[in-house]
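Only one structure is covered here, and it is reproduced in the block below.
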Amino acid sequence: MKVNGNGISLEQAAAAYLQGAPEVKQGRQTIDGKSFAEILNQKGEELYGKVNVRFSKHAAERLFDRHIELSDDQLERLTKGTEEAGNKGIDSSLVMVDDLAFIVNTGSKTVVTAMDPANNDKNIFTNIDGAVIA
């Protein structure tokens, strides 16, 4: 296929553009090679020092795909809700923060997945031991 009659194919144009661009990793990697989950966890540590809750790769992808952005207050409430669930002996908890739902493994303090109202039309949560509204 020719672009503007000058004989450059789309593949050639892409290759010429990418020669000067930084290396881009496949999948959900950022330009510098870190995953979205790594960046999310690093930013949390920068804001709060040692963060008590981490995001699995799957949860970070759900946040990214669903354009869910957590405020500092929401992240703090998610952390407190995770701690409270763990203190009550809950292993796998639903933690509700405003209209966002998080499934958290309290033992590892890891968010397994995240949902917002637009992507949770049935409001059914399975394989949890308890729930916290934070």
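Among the criteria (1) surrounded by 18 or more Cβ atoms within 10 Å (Cβ to Cβ); (2) at pLDDT 85 or above, the one Glu84 does not fulfil is (1). Of the residues Asn123, Asn41, Asn52, the single one that is assigned to a helix (DSSP H, G or I) and modelled with pLDDT under 80 is Asn41. Of all residues in segment 87-115, those satisfying the criterion of being β-branched (Val, Ile, Thr) and surrounded by fewer than 20 Cβ atoms within 10 Å (Cβ to Cβ) are Thr110, Val112, Thr113.
Look at segment 104-132: where a residue is without any contact (Cβ under 8 Å) to a residue 24 or more places away in the chain and a partner is in a loop (DSSP other than H, G, I, E, B) and of a type outside the set (S, T, N, Q), sitting 6+ places away or on another chain with Cβ atoms under 8 Å, you get Asn105/Asp91; Gly107/Asp91; Pro117/Asp99. Take the conditions (1) touching a helix residue (DSSP H, G or I) at 6+ places or on another chain (Cβ under 6 Å); (2) at pLDDT 90 or above; Ala134 misses just one of them, which is (2).
The values are calculated or read from the model by the stated rules, or taken from the named source; none is laboratory data. Computed from a prediction, not measured in an experiment: that's the story for all the values here. Because the Cβ atoms are built from the backbone with ideal geometry, glycine has one as well, and the counts that use them run over all protein chains shown.
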